[in-house]
Each structure stands twice: as structure tokens, then as C-alpha cells.
1. I'd like the isolated cysteines in the chain, meaning no second cysteine's beta-carbon lies under 4.7 angstrom from theirs.
2. How would you order 118-131, 234-247 from highest to lowest mean count of nearby Cβ atoms within 10 Å?
3. What number does the chain give for Rg over Rh if you use C-alpha atoms and the Kirkwood radius?
4. Could you give me D for the range 83-127, from Stokes-Einstein at 37 °C and 0.692 mPa s, where the hydrodynamic radius is the Kirkwood radius over C-alpha pairs? Units µm² s⁻¹, please.
5. Would you calculate, for the chain, the mean residue ellipticity at 222 nm contributed by helices, counting each DSSP H stretch of 4 or more residues as -39,500 (n - 2.57) and dividing by all residues, to the nearest 500?
6. Highest mean first, how do 185-191, 145-151 rank when packing is the count of other Cβ atoms within 10 Å averaged over residues?
7. When only DSSP loop residues count, what trypsin sites (Lys or Arg not before Pro) in the range 1-69 have their Cβ near at most 11 other Cβ atoms within 10 Å?
8. Work out the count of Lys pairs in the range 9-269 where the Cα-Cα distance is under 19 Å, with the pair 8 or more places apart or on different chains.
Amino acid sequence: MDMVKSVNVAELHRMRAAGEKIACLTCYDASFALIEDRAGVDFVLVGDSLGMVIHGRSTTTAVTVDDIVYHCRAIKDSLKRAYLVADLPFLSYATRERALDASQRLMQEGGAKMVKLEGGREQADIVEYLSVRGVPVCAHLGLQPQLIHKLGAFKVQGRDEAAASAMARDARLLEEAGADCLLLECVPADLGRRITEAATVPVIGIGAGAGVDGQMLVLQDILNISPMVTVGRSPRFVQNFMAQASDIETAVAAYVQAVKSGAYPAVEHCF
Ligand SMILES: Nc1nc(=O)c2c([nH]1)NC[C@@H]1CN(c3ccc(C(=O)N[C@@H](CCC(=O)O)C(=O)O)cc3)CN21
Ligand SMILES: CC(C)C(=O)C(=O)O
Ligand SMILES: [Mg+2]
């Protein structure tokens, strides 16, 4: 295999500035990691959605730092070019000390290049604490699945103007605290565009419309095999890329191409 330049924070910024869409997918094992890397996925997430698609739970909240480290270790050597990002699981960043300890494990044991945590302004202090110590942070706004036991259901966030401006302010505060990336989940497309235009760091969306800098989906959703898809509860933003593909690598490459060209997301995937 030829030496290829790996994606890093600077490359994500370059892509944003150049208007090159960032293709992101979750990944939990070496077989898929090699396929995603070869297919040109830029940003690979070991997300706590593994609690749902790998462990079979109905929420993400039972996932541990050990689980995320385990799956990072499974994929890290298969990624030659793609950027490896890892979720900080539920309550693993409840204090500065816990956040730093968990991030240390994700980076040193798991090989993650960036950690992702859910929350708005209330996490700005943690983001700054990690960032000034050399931990790149992606701040995840909008639908925060780790709040499921307070929210009651996975639903679109930021629908009214008060909630939308609060989220836009949170995005600004998290950037000022040192976040190197933002992720917006399940927000109206116009809010996704508004936050992206105001941002100075790359903004990745999942169900956040076409106006963001990159798109994220859960691998098992695009392959049409995740439990939510199988039981007919596919979120609106999911597209089945196996429908037109003869094999998995072709489906993943079609997803990357659709993100790069802007064909995904189409209006029917947006809120
Ligand atoms: N397989 C899988 N895919 C995901 O995208 C995903 C996970 N798991 N687990 C963690 C979170 C949970 N996610 C979800 C789950 C359900 C909806 C959902 O049912 N959304 C409704 C919104 C209805 C509304 O408020 O209007 C939808 O119709 O899309 C959205 C995101 C996204 N993440
Ligand atoms: C859906 C993405 C954004 C995520 O956080 C996960 O896979 O856990
Ligand atoms: Mg997650």
C-alpha cells in the first residue's frame, strides 16, 4: 500500500474552506475500517451508537470508555488515511478529571485523534480543559442521545427561534472554548446552514441538512442492516446505499461520492 497523507485537523479546515464536503461514517471493526478507508471516507467515528447497533441496546447510555477503546483498537491500524474520532460515552466527561482520563485512554490506547462530547455551553469548561492540553474536541449539539432519559425520545431539536438562537450561541461558545469541530444532529436544515455560516471550524451534520461542511451517518444504516432500519423505524436522514450496490465497498464508495457531490442529503433527508 502506498503511503497516503492522513487527514488531520488542518485538512478538515482546508476542506471546509475549499467547499469540499467531508464524508464521515461510524465504524466498529477492522473489516469495515479497511473498506471505509479505501472508499475515501475522511472521518471515521467510533460512536456510542455501537451500544445500539453492536450491543443491541435501545439507547447509547450503557456504553463505557472500555467499549470505545476496544472498538478503536479494532480499527485504528486499518485506517491509513481516514481521521479517527471517538465518542466520550455517557458521564465519562462529568468532571474535568474524568474527561481528561477518558480522553487519554481514547487517544493513547485507542489511537483516536479527536474526541467527541455531547452538550452545549454547559460543556464549554470541559472543552477548554481538554483543548488547552492538546486534546482536539468535536462538540456535538442538537439531538444529544445521551440525554434520552430526560428527553424521552429521539427528536428534532432547535425547531423554534428561541431554541435555534440558543443553539447558535452554544456553538459560538464551544468554538471559543477551543472546539476544533462541531457536529449537529437532527436540526432543521436552515439552522444547520446558519450555524455553519457563523462557524470558523468544520461543521458535520447528521440530519442537519445540506448547508453543513460534512455529513455523518451510521454505517449499518447506509447498509440497511441496523436494528432501527430492520424494524422500520429508520430516521428521516438515513439513505440505503445498498439498494443500488452489488457489494458493501461499492455502497460505501457511493455514499462518499453522494456526500462529495452534494447528492446526499436530498430534501427528503432533511428537517
Ligand atoms: N442506527 C443508528 N443510527 C443513528 O443515526 C443513531 C443511532 N443508531 N443511535 C444513536 C443516535 C440516535 N439517533 C436517532 C434515532 C432516532 C431518530 C428519529 O427517530 N428521528 C425522527 C425525528 C422525528 C421528529 O422529531 O420529527 C425522524 O423521523 O427522523 C433520530 C436520531 C441517531 N443516532
Ligand atoms: C450518530 C453519531 C453522530 C454518533 O454520535 C454516534 O454514532 O454515536
Ligand atoms: Mg454518539
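Every read-out reported here was derived from the displayed coordinates using simple, explicitly stated rules and does not represent laboratory data. Quick caveat: nothing in here was measured; it's all calculated off a predicted structure. Cβ placement follows ideal geometry from the backbone for every residue including glycine, while neighbour counts extend to all protein chains displayed.
1. Singleton cysteines: CYS24, CYS27, CYS72, CYS186, CYS270.
2. Descending packing order for the listed peptides: 118-131, 234-247.
3. So for the chain, dividing Rg by the Kirkwood Rh gives 0.92.
4. Result for D is 311 µm²/s.
5. So the calculated ellipticity at 222 nm is -10500 deg cm²/dmol.
6. Going from most to least packed, we get 185-191, 145-151.
7. LYS5
8. 4
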